[in-house]
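The values are calculated or read from the model by the stated rules, or taken from the named source; none is laboratory data. These numbers come from a predicted model, not from an experiment. We place every Cβ from the backbone using ideal geometry, glycine too, and count neighbours over all the protein chains shown.
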Amino acid sequence: MSSKNTVSRRNFVKIFGLASSGLILGCNFSGKTPKIVRIDDGISFAPNLFVQLKKDGKLILISSRSEMGQGVKTSLASAIADEMEADWNFVSVQHATGNAAFGNQNTDGSRSVRTILTPMRKMGAMAKMMLISAAAKKWNVAEKECVAENHYIINTKTKEKIFFGDLVEEAKKVSIPSDKNIQLKDKKDFKYIGKNLKSVDLHDFTHGTAIYGIDARLPNMKFAAIARCPSPFGTVTSFDKTEALKITGVIDVVALDRVKRAFGMLGGVAVIATNTWAAFQGKNNLEITWNLGDNGNYDSKKYKQLITDRVHKKGKIVPGGKGNINKAFKNADKTVEATYYVPHLVHAPMEVPNALAWVHDGKCEVWTSTQTPQRAREEAANYLGIDKENVTINVTLLGGGFGRKAKPDYVVEAVALSKKMNAPVQVVWSREDEMQHAYYHTVSAQYIKGSLDDKGKVTGWLHRTAFPSITSTFKPLSDYGAGFEFAQGFNNHPFQIPNIHLENAKAEAYVRIGWLRSVAHIYHSFGINSFVDELAAKANKDPLLFNLELIGNNRIRQGRSKYPLNTKRLKNVLNIAVKMADWGKKLPDGHGIGLTVHYSFYSYVASVVEVSVINDKVKVHNIYTAIDCGLVLNKDNVINQMEGAALFGMSLTFYGEITAKNGAIVQSNFHDYQMTRMKDAPTIEVTVVDSDEPATGVGEPGVPPIAPAICNAIFNATGKRIRELPLKNIGLV
């Protein structure tokens, strides 16, 4: 193993401020078989996770994934603590710094629990086995006579017990059990897994002591605000800093060049001050002449028409088709056609992008809220031209992320300014910065045509999609979608249709494109689930029965993933959701109900939404959601995620729209990019399916069904089809 990827006990103690004594276990699961070792002096290892049990019984766990409200720290703790038989009151969790020694630290794609659950459970089980061995030696009895329970090892014959902390020294001498000897708990014996657990950060959240990136402070630090070109990748022609320097607290004004990397900074003019407010005011007083560059003529209204026209023409064939679509349409009893449109979206997390950097003596240290600490480390090292081993990324809590904080351009800005100023510098984006200089969720247009036979069964499905690809951020002139984007709801839908034809139309990118919570599933689910409802109406069938018939027989669709799509599980969540909503009940006048079911991030989610439409204004009254995400770690957290996804989806449905004119983003704050307000929040009910299947995604799968379910409910109430978002543009808000 490369020395650059090893971390010794001494370094662990130094990096995380841990006690020099105690039992420390490291877990490396970069290979097929997780490997766990005791990290003793002189032993170097590259663990993604590790556990320290201290003599006072405190159990400290290091989380390699970032916490941004999705509950990963609590989930991590619950898995280890449950298998270890630890007392929850002794558990605490710390963030890992950005380092390849911790494996893949990217906190995105709803994969944290999915990828590390088994190693977490094994770590807890191994620690328990070592404590049992230590107690057995102390008592001079057989290990089979000892059991672990609530932070104690108990002698089953004498009922004598020893506290975990009192076994630390003895456990440090015990050999690590082999992987083949590990026995994980039966589901019926879980104490924490699958139960409702309070967040390990609850005290800090409720007492105002939680530390986010924006809270980071160093002695003698400076604060910076950056004016960036209104058009992406534009440059500064000239600037006058005279008025900015008149602001009390402003120290200096400096130019920043763009870094032409996927996550490099946009560049601009930075105001350095003694506090954030002064920096913001100084930025507002700058006089700058911009060269808008190649994207200066971007007009989202004209672009909408362009890609809409393109999806009505032949495009590039996408894998996943079958049969003869022309024959299906020719022999059809009825055909249905529809075009759908979803605009650019922005993340708008409560905590804006920010980073504090201190570059000195050939090293760089950063404090930031990031979803990709290793990428931030690499970008900082690359900018400075130093080895990444000389860069430390300290990860704080994230005040929301949704994919935005997976792009560390703001970290590079702080690093660049710290180097220029020879001092610690914190860059804080304003809300206007966050809205107008983001990595946007892509705009999309879709055209779908379907055919029905005389029994109302779907015989043909033609689907064209056009959207600027995320790959354009990494590779210029990427004008067509990528395979992973098609696999997000486009060419992996669960329907049993004999004739399918899929195409992708050209779509150039004029802004930075990034991933936003649920990514391509948002627009593909909107188009597909809306169109299925249109087909059901044309066939004169109940949407529930039509969906079940379209999904077809129970079957498992194998693929390269170890999580094959299981249509039985998909139909099950749909049946649960409609039962929750009492589907078929008589609704009040002006009310309507709609349903959707979608498979994303290997999880199955169905939502039923009840709305009213009074005087052309839509109100969402109830959202019923059922999710099957395999083995559940923290049931309360899953429910929270589904509730949050419902409100997130409502915000996108009613208000979500980023537009551009003359290359500049029009929206600037929450007055023109609104969120769902508390007064508009519906009653949300969530059912979490009890399952023994492997754990799958939770953070994102709840979003894709919401928009089409709302629009289907509007049709049920009014007979009016909604094929374009957001609803504010249609006058329904």
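Considering only residues that are assigned to a helix (DSSP H, G or I), touching a residue at least 60 places away in the same chain (Cβ under 8 Å) and out of contact with any Ser or Thr (no Cβ under 7 Å at 6 or more places or on another chain), which ones fall in segment 316-336?
Taking segment 316-336 as the starting set, the residues that turn out to be assigned to a helix (DSSP H, G or I) are 325-330.
Going one step further and asking which of them are touching a residue at least 60 places away in the same chain (Cβ under 8 Å), we end up with 325, 327-329.
325, 327, listed by residue number.
Can you name the residue in segment 358-373 that is of a type outside the set (Gly, Ala, Ser) and either at pLDDT below 95 or assigned to a loop (DSSP other than H, G, I, E, B) (or both) and is also surrounded by the most Cβ atoms within 10 Å (Cβ to Cβ) among such residues?
370
So residue 97 fits all but one of (1) buried (at least 22 other Cβ atoms within 10 Å of the Cβ); (2) within 30 Å of residue 563 (Cβ to Cβ); (3) at pLDDT below 95; what number is the exception?
It fails just one condition, (2).
Run down 411, 415, 458, 428 and say which single residue is in contact with a Cys (Cβ under 9 Å, 6 or more places away or on another chain) and either among the β-branched types (Val, Ile, Thr) or within 21 Å of residue 343 (Cα to Cα) (or both).
Numbers: 411 fails: in contact with a Cys (Cβ under 9 Å, 6 or more places away or on another chain); 458 fails: in contact with a Cys (Cβ under 9 Å, 6 or more places away or on another chain); 428 fails: in contact with a Cys (Cβ under 9 Å, 6 or more places away or on another chain).
Result: 415 is the single residue among 411, 415, 458, 428 that is in contact with a Cys (Cβ under 9 Å, 6 or more places away or on another chain) and either among the β-branched types (Val, Ile, Thr) or within 21 Å of residue 343 (Cα to Cα) (or both).
Among the residues of segment 456-476, what is the count of those that are in contact (Cβ under 8 Å) with a residue 60 or more places away in the chain, at negative phi and not in a strand (DSSP E or B)?
Total satisfying the criteria: 4.
Return yes or no: is residue 148 closer than 17 Å to residue 177 by Cβ and not assigned by TED's automatic domain parsing to the domain that holds residue 630? Explain how you work it out, then say what you get.
Numbers: closer than 17 Å to residue 177 by Cβ: yes; not assigned by TED's automatic domain parsing to the domain that holds residue 630: yes.
For residue 148, the condition - closer than 17 Å to residue 177 by Cβ and not assigned by TED's automatic domain parsing to the domain that holds residue 630 - is met.
Evaluate segment 648-657: report whether one residue or more is among the hydrophobic types (A, V, I, L, M, F, W, C), over 22 Å from the mean Cα position of the chain (by Cα) and assigned to a helix (DSSP H, G or I).
No, segment 648-657 has no match at all.
Would you please list the contacts, defined by Cβ atoms under 8 Å and residues six or more apart or on different chains, that run from a residue in segment 251-273 that is touching a residue at least 60 places away in the same chain (Cβ under 8 Å) to a residue that is among the aromatic types (Phe, Trp, Tyr) and not in a strand (DSSP E or B)?
The qualifying pairs are 259/383; 262/474; 264/383; 265/410; 266/233.
Considering segment 633-664 alone, what residues qualify as being within 19 Å of residue 302 (Cα to Cα) and either outside the structural domain of residue 444 (by TED's automatic domain parsing) or in contact with a strand residue (DSSP E or B) (Cβ under 6 Å, 6 or more places away or on another chain) (or both)?
Passing the criteria: 656, 658.
Looking for something outside any loop (DSSP other than H, G, I, E, B), surrounded by fewer than 22 Cβ atoms within 10 Å (Cβ to Cβ) and not assigned by TED's automatic domain parsing to the domain that holds residue 69 - is there at least one such residue anywhere in segment 440-448?
No, there is no match, as no residue in segment 440-448 is outside any loop (DSSP other than H, G, I, E, B), surrounded by fewer than 22 Cβ atoms within 10 Å (Cβ to Cβ) and not assigned by TED's automatic domain parsing to the domain that holds residue 69.
Can you name the residue in segment 38-60 that is among the aliphatic types (A, V, I, L, M) and under 18 Å from residue 182 (Cβ atoms) and, of all such residues, is modelled with the lowest pLDDT? Please lay out each step first, then the result.
Our first condition is that a residue be among the aliphatic types (A, V, I, L, M); within segment 38-60, this holds for 39, 43, 46, 49, 51, 53, 59-60.
Cutting the leftovers down to under 18 Å from residue 182 (Cβ atoms) gives us 49, 51, 53.
On the way: 49: 62, 51: 83, 53: 89.
Ranking the qualifying residues of segment 38-60, first place goes to 49.
When you look at residue 321, is it farther than 22 Å from residue 474 by Cβ and assigned by TED's automatic domain parsing to the domain that holds residue 723, yes or no?
When the stated conditions are applied, residue 321 passes them.
Can you pull out the residues in segment 51-108 that are part of a loop (DSSP other than H, G, I, E, B), touching a Gly at 6+ places or on another chain (Cβ under 9 Å) and over 22 Å from residue 203 (Cα atoms)?
Listed by number, the residues that qualify are 55, 85, 105, 107, 108.
Within segment 165-186, does at least one residue satisfy the condition of being free of Cβ contacts under 8 Å to residues at least 60 places away in the same chain, among the acidic types (Asp, Glu) and crowded, with 18+ Cβ neighbours inside 10 Å?
Within segment 165-186, one or more residues are free of Cβ contacts under 8 Å to residues at least 60 places away in the same chain, among the acidic types (Asp, Glu) and crowded, with 18+ Cβ neighbours inside 10 Å.
From 502, 462, 477, which residue is surrounded by fewer than 20 Cβ atoms within 10 Å (Cβ to Cβ) and of a type in the set (A, V, I, L, M)?
477
Taking residue 407, is it in contact with a helix residue (DSSP H, G or I) (Cβ under 9 Å, 6 or more places away or on another chain) and surrounded by fewer than 22 Cβ atoms within 10 Å (Cβ to Cβ)?
On the way: in contact with a helix residue (DSSP H, G or I) (Cβ under 9 Å, 6 or more places away or on another chain): yes; surrounded by fewer than 22 Cβ atoms within 10 Å (Cβ to Cβ): no.
No: the conditions fail for residue 407.
Please return the ranges of strands (runs of 3 or more DSSP E) entirely within segment 194-306 where 3 or more residues are aromatic (Phe, Trp, Tyr).
Result: empty, no element qualifies.
Residue 636 - would you say it is farther than 30 Å from residue 440 by Cβ and assigned to a loop (DSSP other than H, G, I, E, B)?
Criteria not met by residue 636.
Could you please give the count of residues in segment 649-667 that are β-branched (Val, Ile, Thr) and within 13 Å of residue 292 (Cβ to Cβ)?
Residues that pass the stated criteria total 1.
Can you tell me which residues in segment 563-602 are over 20 Å from residue 489 (Cβ atoms) and outside any loop (DSSP other than H, G, I, E, B)?
Passing the criteria: 575, 576, 578, 579, 580, 581, 591, 592, 593.
I'd like to verify a number: residues in segment 658-679 that are surrounded by fewer than 15 Cβ atoms within 10 Å (Cβ to Cβ) and farther than 19 Å from residue 724 by Cα, how many?
The qualifying residues number 8.
Mind listing just one residue for me: the one in segment 607-639 that is of a type in the set (Ser, Thr, Tyr) and buried (at least 24 other Cβ atoms within 10 Å of the Cβ) and, of those, farthest from residue 565 (Cα to Cα)? Reasoning before the result, please.
Quick first cut of segment 607-639, residues of a type in the set (Ser, Thr, Tyr) only: 607, 612, 624-625.
Applying the additional criterion that residues be buried (at least 24 other Cβ atoms within 10 Å of the Cβ) yields 607, 624-625.
Values: 607: 18, 624: 23, 625: 19 Å.
Top of the filtered list is 624.
Matching residues to (1) at pLDDT 95 or above; (2) among the acidic types (Asp, Glu); (3) closer than 25 Å to residue 191 by Cβ:
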site: 140; (1), (2), (3): yes, no, no
site: 144; (1), (2), (3): yes, no, yes
site: 151; (1), (2), (3): yes, no, yes
site: 154; (1), (2), (3): yes, no, yes
site: 159; (1), (2), (3): yes, no, yes
site: 162; (1), (2), (3): yes, no, yes
site: 171; (1), (2), (3): no, no, yes
site: 174; (1), (2), (3): no, no, yes
site: 181; (1), (2), (3): no, no, yes
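Looking only at segment 374-404, filter to residues that are of a type in the set (Asp, Glu) and assigned to a helix (DSSP H, G or I); which one of those is surrounded by the fewest Cβ atoms within 10 Å (Cβ to Cβ)?
That would be 389.
Out of all the residues in segment 514-562, which are in a loop (DSSP other than H, G, I, E, B), of a type in the set (A, V, I, L, M) and within 26 Å of residue 695 (Cα to Cα)?
Once the filter is applied, which keeps residues that are in a loop (DSSP other than H, G, I, E, B), of a type in the set (A, V, I, L, M) and within 26 Å of residue 695 (Cα to Cα), segment 514-562 yields 516, 519, 520.
Per-residue answers, yes or no, for (1) under 28 Å from residue 592 (Cβ atoms); (2) in contact with a Leu (Cβ under 8 Å, 6 or more places away or on another chain):
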{"residue": "630", "(1), (2)": "no, no"}
{"residue": "637", "(1), (2)": "no, yes"}
{"residue": "642", "(1), (2)": "yes, no"}
{"residue": "660", "(1), (2)": "no, no"}
{"residue": "673", "(1), (2)": "yes, no"}
{"residue": "677", "(1), (2)": "yes, no"}
{"residue": "686", "(1), (2)": "yes, no"}
{"residue": "691", "(1), (2)": "no, yes"}
{"residue": "725", "(1), (2)": "yes, yes"}
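I need a count of the residues in segment 99-138 that are touching an Asp or Glu at 6+ places or on another chain (Cβ under 7 Å) and not basic (Lys, Arg).
Quick first cut of segment 99-138, residues touching an Asp or Glu at 6+ places or on another chain (Cβ under 7 Å) only: 110, 121, 124-125, 128, 132-134, 136-138.
Of the ones still in play, those that are also not basic (Lys, Arg) are 110, 124-125, 132-134, 136.
Selection size over segment 99-138: 7.
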